[in-house]
Amino acid sequence: MLEELEYPFDAEYILKKRKALKRILLQEEGKSRISKRIAVLGGSTTHDLKEMLELFLLNAGIAPDFYESEYNQYWQDVMFDNPELTEFRPDVIYIHTSSRNIEEFPTVKDSEERIEELLERVYTHFEQIWNRIEDSYQCTVIQNNFEPPFFRLLGNADFSDSHGRLNFINRLNEKFAAYARTHKNFFINDINYMASCYGLQKWADPFYWHMYKYTCAVQAIPELAYNTANIIKSIYGKNQKAFVLDLDNTLWGGVVGDDGADNIEIGQETSMGQLYSEFQKYLKAHKDLGVLLTIDSKNDEENALAGLNRPDSVLKPEDFLIIKANWENKDRNIAEIAKELNIGTDSLVFVDDNPAERHIVKAQIQGIKVPEVEDAVRFITTLDRAGYFEVTSLSEDDLKRNDMYKANAERLKQEAGYTDYSDYLLSLDMKAEIRPFATVYMARIAQLTNKSNQFNLTTKRCSQADIESLAGDSKYITLYGKLTDRFGDNGVVSVVFGHKDEADGKLFHIDLWLMSCRVLKRDMEFAMMDELVFKCREQGIRRMKGYYYPTAKNGMVKEFYAVQGFDKIREDAEGNTEWEFIICDEYEKKNKVIKVNESD
């Protein structure tokens, strides 16, 4: 990763050094990136935007291949089936339009009926594109909403009067939002908010539109590209998963070990106390989203807990999955936190007001995000604009993630009381629901394909649109696995899908097999294997082929198919292997400890 492309960044530097930065990114050794085809359909000039978007995506681990429409041909490219776009087969279509693409606004002479007709006509112009994309491309769509107009003819009344441009744009934006709420593969790129944050007068400088047909000022293009890249990287599982938080002068003002818990600044009594309380509320809201909270503080644990246990502290000890309050180096604590959570260090965001600690952690911990937070006044703004936890889907599993991790800790305690591991597994009273992909779990299934790296045989990445397409294709067998036990619901934890061979209908190819690491060594993979064999038998399939493609993270499943009873039939110089399993009539179920589909 390049620090120059991490938020907050120097936009003018990136614009000036874009070619050099791209060369550095492409030369990064050992950088594994997923490839995605992205069509940029613009209502304005998009060349510079595309180049900036490429930089941020490469930095996020995504190698983009672009299709770029001709100037202002976004509607025609979709509605008239441009053969070049059709052949491109995009994974993502980004429609980059703005208020400049609204060809007609209400006038003060228009009746209410005329304004309503105009509103519906402008909205329908865009809805036609989205519906056509859904029918023809079945891919993810990112659509800009509209920034405010750069002038207000009616002054403040432009907001409330139906004849005002601002009122018209706000109503259009709400209609866009309503469409997004009912279409799971459709995402709004909120340039309305971006323009407000950037400063509308600078963002919408008319000079850049009339001179170059840029929808925003050149200096704002990196900000726009970064925001768009955040949506794309979230869709493909490149979000972070956990905060690692310092305490002193980060969660509260002052040093608890020196000042005492009674004298740190938190709560409503002082302006600085209010500031830190607001930051704690911001972090707790992330916990509700499923973001994991941990602490890494140079402190005595007794002092740390005393600070968190203050009556006016928003965050309490129970809000944190792990608290490392000791005098170890922070990078060592962070490595242990990642290990205990069983997630990669590149999933962590380290927040510490001390620049020396940030420097050490950034140098020692590979891939960790270390935002430059020095002034508590800017903590929330810096973290929020960085987009570490961009939400493109919010599943039931996300909302329960912290509880799931706490339940895992209870399982570990339970395991310690057994000498026979099979007895321990039986004691969990596990129940699994293993069925073909279901609408209610589509978002979670897509999320798993993009986030699971260790127990993932082929690391094939899928959007929700891809998953929905597979579920509706008769050539495919799809399975999700949901696991519960005496400690709680683990949610959807395993995904398998594959397709029947076109030439040999009795042969089945496993395209993807993955499992969440939080249910490792629970025999869920055997339960999935049993159900997959059953589904294949139903369709007259007698042979299965599985594939393993090695990555830097999935070495743990190198021999997975051997454990399942497959025979290795091929291996190349890169370590890619191919396996075969003959489905015999005497197949004996492998799962002995999980009750599967009891409701059947």
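Restricting attention to the range 564-581, the residues being without any contact (Cβ under 8 Å) to a residue 24 or more places away in the chain and touching a helix residue (DSSP H, G or I) at 6+ places or on another chain (Cβ under 8 Å) number 1. Is it the case that the range 78-86 has a residue that's modelled with pLDDT under 95 and closer than 30 Å to residue 551 by Cβ? Within the range 78-86, not a single residue is modelled with pLDDT under 95 and closer than 30 Å to residue 551 by Cβ. Residue under question is residue 562, and the condition is that it be more than 19 Å from residue 477 (Cα to Cα), part of a loop (DSSP other than H, G, I, E, B) and of a type outside the set (Val, Ile, Thr); does it hold? Judged against the criteria, residue 562 is not a match. Which residue pairs have Cβ atoms under 9 Å apart, sit 6 or more places apart or on different chains, and have a first residue in the range 325-337 that is open to solvent by 30 Å² or more (accessible area, probe 1.4 Å) and a second that is among the β-branched types (Val, Ile, Thr) and not in a helix (DSSP H, G or I)? Short answer, once both residue conditions are applied: 335/365; 336/322. For the range 213-248, filtered to residues that are surrounded by fewer than 18 Cβ atoms within 10 Å (Cβ to Cβ) and of a type outside the set (A, V, I, L, M), the residue that is farthest from residue 391 (Cα to Cα) is 213.
Looking only at the range 197-206, count every residue that is assigned to a helix (DSSP H, G or I) and either charged (D, E, K, R) or modelled with pLDDT of 95 or more (or both) and tell me the total. Within the range 197-206, residues that are assigned to a helix (DSSP H, G or I) and either charged (D, E, K, R) or modelled with pLDDT of 95 or more (or both) number 1. In the range 403-473, counting only helices (runs of 4 or more DSSP H) that sit wholly within it, the ones holding 3 or more residues that are open to solvent by less than 10 Å² (accessible area, probe 1.4 Å) span 442-451.
Among the residues of the range 343-378 satisfying the criterion of being in a helix (DSSP H, G or I) and under 24 Å from residue 517 (Cβ atoms), which is most open to solvent (accessible area, probe 1.4 Å)?
Applying the filter and picking the extreme gives 364.
On the basis of being over 29 Å from residue 347 (Cα atoms), open to solvent by less than 30 Å² (accessible area, probe 1.4 Å) and within 30 Å of the chain's Cα centre (by Cα), does residue 129 make the cut? When the stated conditions are applied, residue 129 passes them. Residue count for the range 532-571, restricted to those that are over 21 Å from residue 445 (Cβ atoms), under 26 Å from the mean Cα position of the chain (by Cα) and open to solvent by 80 Å² or more (accessible area, probe 1.4 Å): 2.
Please enumerate the residues belonging to the range 202-212 that are within 32 Å of the chain's Cα centre (by Cα) and either open to solvent by 60 Å² or more (accessible area, probe 1.4 Å) or aromatic (Phe, Trp, Tyr) (or both). Hits for the range 202-212 are 202, 203. When the residues of the range 252-283 are filtered to those that are among the charged types (D, E, K, R) and surrounded by fewer than 15 Cβ atoms within 10 Å (Cβ to Cβ), which remaining residue is farthest from residue 328 (Cα to Cα)? The selected residue is 269.
When 300, 296, 288 are checked against the criterion of being open to solvent by 10 Å² or more (accessible area, probe 1.4 Å), over 19 Å from residue 401 (Cα atoms) and either out of contact with any strand residue (DSSP E or B) (no Cβ under 6 Å at 6 or more places or on another chain) or not hydroxyl-bearing (Ser, Thr, Tyr) (or both), 300 stands alone in meeting it. Against the criterion of being part of a helix (DSSP H, G or I), in contact with a Phe, Trp or Tyr (Cβ under 8 Å, 6 or more places away or on another chain) and aromatic (Phe, Trp, Tyr), residue 179 qualifies. Is it the case that residue 529 is of a type in the set (A, V, I, L, M) and open to solvent by 40 Å² or more (accessible area, probe 1.4 Å)? When the stated conditions are applied, residue 529 does not pass them.
The values are calculated or read from the model by the stated rules, or taken from the named source; none is laboratory data. None of the values given here were measured: they were computed from a predicted structure. Positions of Cβ are generated from backbone atoms using ideal geometry, with glycine treated the same way; all protein chains shown enter the neighbour counts. Note: accessible area is taken over every heavy atom of the protein model, side chains too, but ligands, DNA and RNA are not part of it. Shrake-Rupley method; radii C 1.70, N 1.55, O 1.52, S 1.80 Å.
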